[in-house]
Amino acid sequence: MTTVFDASTACTDTAAKPGRDVLKQRGQHEVFCGLTSIMWLHRKMQDAFFLIVGSRTCAHLMQSAAGVMIFAEPRFATAIIDERDLAGMADMNDELDKVVTRLLARRPEIKLLVLVGSCPSEVIKLDLPRAASRLNGEHSPQCRVMAYSGSGIETTFTQGEDNFLAALVPEMPAEAADAPVSLVVVGALGDVVEDQMMRVFDGLGVGPVRFLPSRSSTTLPPIGPNTRFILAQPWVGACAQALERRGAKRISAPFPLGEEGSTAWYRAIADSFGVPEAKFDAITAPGRERARRAVARYKPVLEGKSVFLFPDSQLEPSLARFLSREMDTSIIEIGTPYLNRDVVGPELAMMPDTVRVSEGQDVERQIDRVHTDNPDLIICGMGLGNPFEAEGRSTKWSIEFVFTPLQGYEQAGDLAELIARPLMRRELLKVGS
Ligand code: SF4
């Protein structure tokens, strides 16, 4: 379901970078809720099961977002809060216990059960962390039980992953006292991307390297003062803070989108692990060359075009940096639901000061700015895409950047193509008409 909030006004904040004003907006905004991230999380961690405690609306959202999953044994479901629960005629905790017991008896392969809070569970103040702790006492060690919130009142869609990962941090084992310096890459990535990254890390001699989320709930990375971590996705700020509280040290870098972003990301890791410059160049040169060649194919489509990014996934600053620096695209506005300066500071530092940056949303005002600025391409949520297309504008759905593996050298061409596609289609339609 698309969540909509109403509130007040806009203001500016000059803290992101000296000389750069950030337009802070607190009006109506349109973005999916945190439940949506279950779409990729359940595929990533294959022995986990996500049980949403929500309404029929939540169940419909998940069913329509994951239509194809009806053909498989799903690893998510919704425990529906119905009228009896809302009227207080049934004890919600008893009901939940029954659902969980039935589920785990039928699906013994589940090793981690995740209770996911929603707007309804939040409104009726159902204490899911407490329920998880009670159920954990009953079902662990066969199955651990934890909880996090994916409610639309609190989260946008990628923040669901952040809440999940932050909730996993206390479950991560402590590293051994004599553990070597290790690296944890934080944020869900496609398996193919992880495999490609591992080949680069092996070449650089960086390791041991682990990923969070891990492919199994039983292989969570150990954590402690000898752990360094780097974010692979910009929306995992709460998880980063939780890792720091356990003593891990963050490596700050731009995100691995495009040739330049990937090189800067690997370089930050290599510097942290003391990899010599010559070795870094030798290992990354072939990938850099392939990435440059792949994106060059789409540069004639994107060069000189103007792009307006609405706030959606939090990938917007990284996408804008890639477009601006590697495709010579003109960025009109970078909208982002949250501007976490610790996380996206390196991205914004690479952008011209003239680029407008907005945090939060006041959707009507933002639409007015689109009408004034008249960009060649709008990157926005699905709800805004169709009305803009009906006005004859080219759009790209932001959610596609989350569902498509785009990180690293081998995917740089796919990233450029994904952005260029609506403009290429428009050209084809012109030719055909
Ligand atoms: Fe809608 Fe809230 Fe359920 Fe998300 S959690 S589908 S916003 S009711």
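Taking the number of Cβ atoms within 10 Å of each Cβ as an exposure proxy, the fewest-first ranking of His60, His371, His139, His29 is His371, His60, His139, His29. The fewest-to-most ranking of Ile419, Ile269 by surrounding Cβ atoms within 10 Å reads Ile269, Ile419. One Cα centroid belongs to the stretch 90-143, the other to the stretch 268-343; the line between them spans 41 Å.
For the chain, just say rounded, prolate or oblate: build the C-alpha gyration tensor, square-root its eigenvalues into a ≥ b ≥ c, call rounded for a/c under 1.5, and beyond that prolate if a/b exceeds b/c, oblate if not. Oblate is the answer for the chain, as a/c is 1.5 or above yet b/c matches or exceeds a/b. Peptides 348-356, 75-83, 254-262 ranked from most to least packed by the mean count of surrounding Cβ atoms within 10 Å: 254-262, 75-83, 348-356.
Would you list Lys249, Lys305 from fewest to most Cβ contacts within 10 Å?
Details: Lys249 13, Lys305 18.
Fewest-to-most ranking of Lys249, Lys305: Lys249, Lys305.
Is the C-alpha gyration tensor of the stretch 297-430 telling us rounded, prolate or oblate? Criteria: a/c under 1.5 is rounded; beyond that, a/b larger than b/c is prolate, otherwise oblate. Note, shape of the stretch 297-430 comes out rounded. Once backbone amide H atoms are built at 1.01 Å from N, Ala248 has Gly224 as its partners under 5 Å, excluding neighbours fewer than 5 places away on the same chain. Over the C-alpha atoms of the stretch 34-155, the Rg to Rh ratio, Rh being the Kirkwood estimate, stands at 0.94.
Highest average first, the peptides 50-57, 318-325 ordered by how many other beta carbon atoms sit within 10 Å of their residues are 318-325, 50-57.
How would the stretch 182-278 be classified by its alpha-carbon gyration tensor: rounded, prolate or oblate, with rounded meaning a/c under 1.5 and the a/b versus b/c comparison settling the rest? Let's see the in-between values first.
Details: a/c = 1.37, a/b = 1.27, b/c = 1.08.
Rounded, since a/c falls under 1.5.
Short-range pairs are left out: with C-alpha atoms under 8 Å and at least six residues apart, the relative contact order of the chain is 16 percent.
The calculated FRET efficiency for Ser306 paired with Glu277, based on their beta-carbon distance and R0 = 22 Å, is about 0.05. Hydrophobic, long helices, defined as DSSP H runs whose alpha-carbon span along the helix axis is 27 Å or greater and whose mean Kyte-Doolittle value is at least -0.5, occur in the chain at 412-432.
Let me have the relative contact order for the stretch 332-433, percent, based on Cα pairs under 8 Å that are six or more residues apart. Intermediate results must be reported in sequence, preceding the final value.
Values: 68 pairs, mean separation 19.9, N = 102.
It rounds to 20 percent for the stretch 332-433.
Which percentage, to the nearest 5, of the DSSP beta bridges contained in the chain is antiparallel?
Values: 10 of 59 bridges.
Close to 15 percent.
Every number in this text was worked out from the coordinates using simple rules, so none of it is lab data. The shown structure was predicted, so the numbers you read here are calculated from the model rather than taken from an experiment. Virtual Cβ from ideal backbone geometry, glycine too; neighbours counted across all protein chains shown.
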